[in-house]
Ligand SMILES: NC(=O)c1ccc[n+]([C@@H]2O[C@H](COP(=O)([O-])OP(=O)(O)OC[C@H]3O[C@@H](n4cnc5c(N)ncnc54)[C@H](OP(=O)(O)O)[C@@H]3O)[C@@H](O)[C@H]2O)c1
């Protein structure tokens, strides 16, 4: 699918990777970019249409799917990360909170927009996943579980939506230089580069984008060293 003339809706588009997607969609000639955020006043990028959307709010999701019927590309980008292992703090509450945004959010959006995309010829969905879909570590344990679940969701949606010609792309990436990784002293990729590589993949009909070297290495190791997930994700 080409970005040129696409009508794109991006969740969590006010900052971080979502903002980079919005800029790159405009640069590639998207017809319209709906930049969704919990607080639409936080959308300051010129050229986009601000949209109020909390992905955890069913009324918001229903309203957006009703009001923006011309969407051809949905980008499920909004996400949260809380640090801590399964034996630390209140891990159960932490996991539930993150599942709500990182799994049930994209699920709600995909279900609401499936008929919209079908009516517009199929279109595409990009789900923002992670290197942490495949490998975990004590700091990111609960977050990783949500990104593993989101990966499975993505693979199932790809199958379920293939009949209506909706292309589903999973983006896997390691550490990105955004607020989410503030304070983490690790190599990070720029959000703009991730957005560019993701759209390059979409334009070449890829079903999966591995946006950085660390993710490519882990992905390869899943087959060459099948036990890689027995080791922790370094952070
Ligand atoms: N940064 C990384 O290293 C990294 C690596 C792999 C994958 N990812 C994934 O990339 C995506 C973007 O993350 P980021 O790095 O750009 O993080 P970020 O800078 O912290 O931005 C997160 C975005 O998600 C939005 N958001 C959170 N909860 C929301 C909700 N309930 N409804 C709507 N929007 C909500 C935030 O909106 P507010 O401004 O309202 O909080 C913000 O726009 C996430 O899915 C994340 O898991 C990040």
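We did not get these values from a lab; they are worked out from the coordinates using the rules stated. What you are looking at is a predicted structure, and each value in this text was computed from that prediction instead of being measured. Positions of Cβ are backbone-derived with ideal geometry, glycine not excepted, and every protein chain shown enters the neighbour counts.
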Pick from 158, 38, 111: which residue has the top mean-square fluctuation in a GNM of the chain where Cα pairs under 10 Å get a spring?
-> 111
Tilt of helix 58-67 relative to the longest C-alpha principal axis of the chain, in degrees (0 to 90, nearest 10)?
-> 40
So for the pair residue 49, residue 207, with labels modelled 7 Å out along Cα→Cβ, what separation do we get in nm?
-> 3.2
Of the residues 136, 181, 11, which exhibits the maximal mean-square fluctuation in a Gaussian network model of the chain defined by a 10 Å Cα contact cut-off?
-> 181
Longest principal axis of the chain (C-alpha) makes with the long axis of helix 105-119 (C-alpha) an angle, in degrees to the nearest 10, of 30
Relative to the longest principal axis of the chain, what angle (0 to 90°, nearest 10) does the C-alpha long axis of helix 191-203 take?
-> 60
Each label sits 7 Å from Cα toward the beta-carbon; between residue 63 and residue 155 the label points are separated, in nm, by 3.7
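Defining a contact as two alpha carbons under 8 Å apart and six or more residues distant in sequence, what relative contact order in percent does the range 7-230 show?
On the way: 415 pairs, mean separation 40.5, N = 224.
18 percent.
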What is the order of 212, 67, fewest Cβ neighbours within 10 Å to most?
-> 67, 212
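Give me the number: length gained by fully extending residue 231 to residue 181, i.e. 0.36 nm times residue separation minus the C-alpha to C-alpha distance, one decimal in nm. Present the calculation step by step, with values, prior to reporting the outcome.
Working: separation 50, 0.36 × 50 = 18.00 nm, distance 2.12 nm.
Difference between extended and current length: 15.9 nm.
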Under a GNM of the chain (C-alpha, springs under 10 Å), which listed residue has the highest mean-square fluctuation: 13, 41, 195?
-> 41
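Rounded to the nearest 0.05, what FRET efficiency is calculated for residue 162 and residue 220 with R0 set to 30 Å and r the Cβ-Cβ distance? All intermediate terms of the calculation are to be shown ahead of the outcome.
Working: r = 26 Å, r/R0 = 0.88.
With R0 = 30 Å, the Cβ-Cβ based efficiency is 0.70.
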Ranked from fewest to most other Cβ atoms within 10 Å of their own Cβ, 147, 52 fall in the order 52, 147
